[in-house]
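Student: Below you'll find the structure I mean.
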Amino acid sequence: MKKILLFSFALLVGITAFGQATKFRLDKMPAKAPNTESMIHETAQTTPVSMPATAPTPLKGSKETNFVTVIPIGTSANAFGHFVGSRTANIGISNSLNTIVYTHRLQSPSGNYIGYDVSFDRGLTWQTNQVNYNPTLPGYSNARYPLGGLYNPDGNTDPQNAYHTYVAPLLDGSLGTAGSWGGIGFGAKKFAAGSEGAQNKFSSDGPIHWFLPSAFTIQANGTAWFIDERTLWDGSTSTFDGMLNVARGTFNESTGMFDYEVEEWPFDVHPDDGINDIEIAFSPDGMTGWICLLTNTPNELPYTSYHPILFKTTDGGETWSDAIEVQLGGVNGLDGVKQFITDEALEAFFSPDPVPSRDEIPYYIGYYHDLVVDAWGNPHIQGNVMLADLEAGSIYTGPSYNAPFHIWSPDGGTTWMSYKLANIHQFKAEFPEGGSTVSHYSHNQISTTPDGTIVFFSWLDCDIEDATDNTRPDIYFCDFIPYAPGGGTHSEAENVTIFSPAMWKANWANMPDRVFAQAVGDNSVEYTIPWVYMSLDATNNGSNPVQFNYIPNFKKTYAVTGLNEFKGNEIATVSQNQPNPFRNETTVQVTLLRNAPVSLEVYSLTGQKISSQEYANLQAGTHRLTIDGSQMVKGVYFYTLSTGSQKVTKKMIVE
């Protein structure tokens, strides 16, 4: 396998004039994302609902003129608080608990600790810089770039009894270089005052090698997942060894943390390439999940460089499909991708040679991407698509040849669609001050409503007239509302941070995979889309302490009268029970648009009522309800979840 070295960016020679040359700026860069593994010695500083036939309607004026506010939260010892490469799974939300948690390295006691900031009122007030991982405990090592989220035990309604959990690479040297990579630390801590964190670790001393995980999520049933590309490391360069480590964690109440089981998945990468990014996400009911990699396989697709390669599960992660590749260019490529560059820009690029057919122009997506799964189990990917040079292994990131894209499948992975979200002005942002360069590239983020019926996108861009890079960005936002038979509507892009304290400062803005929701009328739902971004000091020195900031009040309100399933109803989604089939106990997840009394009844095939549970007044949000099958004989049953105005019935099997 080719060893991937750190690189410095190079602008294409000859692009010097401002007028026409600026309009068609190329900005040539390597296709393989910059590695971060050498940055260990940082410069020190002391299913559910049916697809609707029509779309819900955004209420005009819900966010056209309001300027967002900013709340300072935690701090980190430097700009590598976790914002390295693709490690962006750091915000966890519980809509039913009104709780949000943010994972990062700390400033105090030192940047070798992992901690979190937590709010129990949707981000209005915070407890900051709470320690979870302690590197000074016997047998543990300094931690780096964490991933993390929120675990809410089944049936819990008290945020104090929920947990912060994390995964982070450790500098334990078990890959063979003292003080370098090889370990994985993981743990959890209850939010209740006085709680102690529990932590554990893996090392590379055994048959499984560990490196820098970039994918993390927590399923609806509370199962945690993270993925790492297994890598050989000689102290300065890394070599992917053809294996993915897929870790699946079950919460252990006796130890207060997750027990992880690891599967090794063989995966072949083209010998000239690596894996730029890995993401994992599940549908709101937790049954349909997708894993997505940005890479190339030895079987090259026509006119396609790095592209999405996905694996799918429909049984909650018990089994996964073979790889599903999304071709970008060529005859079988995505039409939206092949048409997004203007004729004028292509003529300027290929001049003086003639412009080839659009089916003969290669494309690329990256460096990084984000992934969510909607209510119908369909995957949605966001990333920057750009022109590629397959022979040179290069990409062109200039604004005429590069744009944030939404790529999705409306039918579970059979067909794929694409849509350009906006034109951009800048892509690359690098901060070399202080000796260790920290960077971001548009920083695409994607999220959904708690019920998965609306998809939200954000990215970073700088439209300042004299800007030459993306180091002074704003957050840009738009949404997508799917409807049958596979279409949908995208909103126009808007600037979230304009005229706010975050204007031109919203570097590394992260968005969670789910947002807050609450009913604001009989047929309307208000969604609060949160971001956390990072502020460098006045010198842009990434080696100095940094401040994290929370945006609490970017809100969107939608009328749902166009959704037959939602009109006048309290229930947004009811999941298939999990596990199914089952023996003793199974769980059903329900998402409510508003507070409502709920009943859960179980019937036999002959219509005999077997059991009934009443819930006097469940709050709007997502809840997990348990069905006791220990006294049921083997066979097929039906469970019905009902409110005052709605009933949903599904089939289940007792083994």
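Student: Quick one: in segment 202-218, which of the residues that are in contact with a Ser or Thr (Cβ under 8 Å, 6 or more places away or on another chain) and not hydroxyl-bearing (Ser, Thr, Tyr) is surrounded by the fewest Cβ atoms within 10 Å (Cβ to Cβ)?
Tutor: Asp205
Every residue, every condition in (1) out of contact with any Cys (no Cβ under 6 Å at 6 or more places or on another chain); (2) part of a loop (DSSP other than H, G, I, E, B); (3) at pLDDT 90 or above, yes or no:
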residue	(1), (2), (3)
Thr557	yes, no, yes
Asn569	yes, yes, no
Gln589	yes, no, no
Tyr603	yes, no, no
Gly607	yes, yes, no
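Student: For Asn221, which of the numbered conditions (1) at pLDDT 95 or above; (2) buried (at least 19 other Cβ atoms within 10 Å of the Cβ); (3) over 24 Å from Pro266 (Cα atoms) fails to hold?
Tutor: Among (1) at pLDDT 95 or above; (2) buried (at least 19 other Cβ atoms within 10 Å of the Cβ); (3) over 24 Å from Pro266 (Cα atoms), Asn221 violates only (1).
Student: Further question: Within segment 208-230, which residues are closer than 26 Å to Thr136 by Cα and of a type outside the set (A, V, I, L, M, F, W, C)?
Tutor: Selection gives His209, Pro213, Ser214, Asp228.
Student: Looking only at segment 102-119, count every residue that is over 22 Å from the mean Cα position of the chain (by Cα) and either of a type in the set (Lys, Arg) or farther than 15 Å from Gly148 by Cβ (or both) and tell me the total.
Tutor: Adding up the residues that qualify gives 6.
Yes/no per residue for (1) surrounded by fewer than 23 Cβ atoms within 10 Å (Cβ to Cβ); (2) more than 20 Å from Val167 (Cβ to Cβ); (3) of a type outside the set (A, V, I, L, M, F, W, C):
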residue	(1), (2), (3)
Tyr260	yes, no, yes
Ala281	no, no, no
Thr297	yes, yes, yes
Tyr306	no, yes, yes
Gly317	yes, no, yes
Ala348	yes, yes, no
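Student: Which one of these does Gly521 not meet: (1) assigned to a strand (DSSP E or B); (2) among the small types (Gly, Ala, Ser); (3) surrounded by fewer than 20 Cβ atoms within 10 Å (Cβ to Cβ)?
Tutor: (1)
Student: Evaluate the following for Phe226: is it at pLDDT 95 or above, touching a Pro at 6+ places or on another chain (Cβ under 7 Å) and farther than 30 Å from Gly330 by Cβ?
Tutor: For Phe226, the condition - at pLDDT 95 or above, touching a Pro at 6+ places or on another chain (Cβ under 7 Å) and farther than 30 Å from Gly330 by Cβ - is met.
Student: Regarding segment 118-133, can at least one residue be identified that is out of contact with any helix residue (DSSP H, G or I) (no Cβ under 6 Å at 6 or more places or on another chain), open to solvent by 10 Å² or more (accessible area, probe 1.4 Å), part of a loop (DSSP other than H, G, I, E, B) and at pLDDT below 95?
Tutor: Looking for residues that are out of contact with any helix residue (DSSP H, G or I) (no Cβ under 6 Å at 6 or more places or on another chain), open to solvent by 10 Å² or more (accessible area, probe 1.4 Å), part of a loop (DSSP other than H, G, I, E, B) and at pLDDT below 95, one finds none in segment 118-133, hence no.
Student: Now a separate question. Applying the selection to segment 591-601, what residues are at pLDDT 85 or above, surrounded by fewer than 20 Cβ atoms within 10 Å (Cβ to Cβ) and of a type outside the set (Asp, Glu)?
Tutor: Across segment 591-601, the qualifying residues are Pro597, Ser599, Leu600.
Student: Output the residues belonging to segment 331-377 that are within 21 Å of Ile481 (Cα to Cα), outside any strand (DSSP E or B) and of a type in the set (A, V, I, L, M, F, W, C).
Tutor: Hits for segment 331-377 are Leu334, Val337, Ala375, Trp376.
The values are calculated or read from the model by the stated rules, or taken from the named source; none is laboratory data. In this text, all values refer to a predicted model and were calculated from it rather than measured experimentally. Heads up, the Cβs are rebuilt from the backbone with ideal geometry, glycines too, and the neighbour counts pull from every protein chain shown. Keep in mind that these areas ignore ligands, DNA and RNA; they rest on the heavy atoms of the full protein, side chains included. Shrake-Rupley method; radii C 1.70, N 1.55, O 1.52, S 1.80 Å.
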